[in-house]
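Everything below concerns the one structure shown next.
The values are calculated or read from the model by the stated rules, or taken from the named source; none is laboratory data. Since we're looking at a predicted model, the values are computed, not measured. Please note: Cβ atoms are built from the backbone with ideal geometry, for glycine as well, and neighbour counts cover all protein chains shown.
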Ligand code: SAM
């Protein structure tokens, strides 16, 4: 069966009485080149175990199965169970787990399902939970690569450079942990039902170590969050509002590290935030 042929999909879904759920981000692919290319870009071979989030009717799962050692697909919608049982017949290296990916113990799943294999992620993500899912996948620290299709707008935020409107706290979180690339775009016409927005496939490659050194990583992200919670304010005002740092202290911190005391956080790269964080970290409590 051709799992990306529009007519075959419609008759399969009708036979099983399946209804698309908007709240589960169900937009299934109807262009064969897309799942093939996503799977190709994921860098798979028999030494790799792939976690897929949201197999839908299994068109990407099938491509992953052909290329990887093992595939574990986590699907939230139980009404897809009989459909996947039919479409994935013959994909011996695939296991489907029904549940919410956000509620899984990812390190435990990975060590149970992929012993001796390099764990990676490859998926067409449900768009309504893109950020929490990516955060959980990255924070688990389990995956060497994450190759996923997401909304173009979120892809641009993840790969953004400083001093652009797409740049923000999420950009810095992802870039702290991973190297980021946008690989290619996919138009709405490649899905049923068609989403309103263009999609992009991105690849996140886990860094062996953070891109810059910082004394206190938790403080770095407090500083970043405070800076972007009030992104139109100067960094001095944003850190005053977000962290309660006296303005004159932050001014001194910025000047001592060679920054203009009137800068906004959005002009800083990770190195800039790390320098400022280290200076705040080294402050004597008497200064605060
Ligand atoms: N992989 C299929 C494709 O490319 O045609 C379907 C992708 S569709 C964009 C997203 C899939 O994720 C749906 O099957 C949806 O039911 C599933 N899903 C939504 N939220 C989920 C969650 N929290 N955990 C696991 N699966 C989820």
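Laid out as a table, the results:
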read-out	value
Residues of the stretch 79-121 that turn out to be outside any helix (DSSP H, G or I), within 11 Å of the ligand (Cβ to nearest atom) and in contact with a helix residue (DSSP H, G or I) (Cβ under 7 Å, 6 or more places away or on another chain), as a count	2
Subset of the stretch 2-59 (residues that are assigned to a helix (DSSP H, G or I) and either under 23 Å from the mean Cα position of the chain (by Cα) or within 11 Å of the ligand (Cβ to nearest atom) (or both))	9, 33, 34, 35, 36, 37, 38, 39, 40, 41, 59
Residues within the stretch 123-149 that are under 9 Å from the mean Cα position of the chain (by Cα) and part of a helix (DSSP H, G or I), tallied	9
For residue 250: the one exception among (1) crowded, with 18+ Cβ neighbours inside 10 Å; (2) closer than 25 Å to residue 166 by Cβ	(2)
Qualifying residue in the stretch 66-76 (condition: out of contact with any helix residue (DSSP H, G or I) (no Cβ under 8 Å at 6 or more places or on another chain) and either assigned to a loop (DSSP other than H, G, I, E, B) or modelled with pLDDT of 95 or more (or both))	yes
Among residues of the stretch 122-149, those that are within 12 Å of the ligand (Cβ to nearest atom) and out of contact with any helix residue (DSSP H, G or I) (no Cβ under 9 Å at 6 or more places or on another chain), counted	1
